[in-house]
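Below is one structure, written out as structure tokens; the observations come after it.
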Amino acid sequence: MIHYSDEAILEGLRLRSDYIINFIYKEFFPLIRFLVSENGGTGEDAEDTFQDGIIILYNKISLNQLTLTSSFKTYMYSVCRNLWLQKLNKRKAIFDKLSDVEVFIDLPKDMLQEASIAETEMHRIIQIHFLSLPEDCQKVLRLFIKNIPLREIAGIMGFKTENYAKTRKYLCKQDLKKRIADDPRSQKFLRYDK
């Protein structure tokens, strides 16, 4: 495989060279995939982070705002590392916010009678949005709430890998959270920090 100098890589990115972009993927993506997977991410997370990193580099190069003070490899790694840390922080914040909401999804009806009017109304809103999710999302979230291990969820749902089950769970939770947060009726019950 041909190896390109840092200057050739930057020029190739500036020109959107397919050869250089393919070289960057082959040469540097495994490093980013390792970084992301060692820090709680999936292969899809690694691909997204890597692509976001390339876009950032391309934009900086296009605006003549990139001067390397290290190797391209080190700079690329730093950009992707920062992107992944930002994504992890956002996920943690979203998970913390949603975990307060999850408990309402499968409350027994007799508990609802004892709940306050506000809790009952919030439960109704959550149930409406939960039931509006696609069937597979509902099933994944129900299994997750019952503390079924991701490996078993993957088997039950027919997913090929545990990582895919984890990704689906995350995406379904995101979808539910967004539906609830976007519902004007829920605003008085949910206190999300901006």
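What follows is calculated from the coordinates using simple rules that are stated; it is not laboratory data. For clarity, every value in this text was computed on a predicted model and none was experimentally measured. In this analysis, Cβ positions are derived from the backbone assuming ideal geometry, glycine residues included, and neighbour counts consider all displayed protein chains.
Key figures for this structure:
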| item | result |
| --- | --- |
| Cβ crowding within 10 Å averaged over residues, with 141-149, 7-15 ranked highest first | 7-15, 141-149 |
| Assigned charges on the beta-carbon of Lys, Arg, Asp, Glu; the stretch 2-81 dipole about Cα centre (debye) | 200 |
| Least to most buried among THR167, THR49, THR74 (fewest other Cβ within 10 Å first) | THR74, THR167, THR49 |
| Calculated from backbone phi, Karplus (6.51, -1.76, 1.60) coupling profile of the stretch 72-77 in Hz, x at Gly/Pro | 4, 4, 5, 5, 4, 4 |
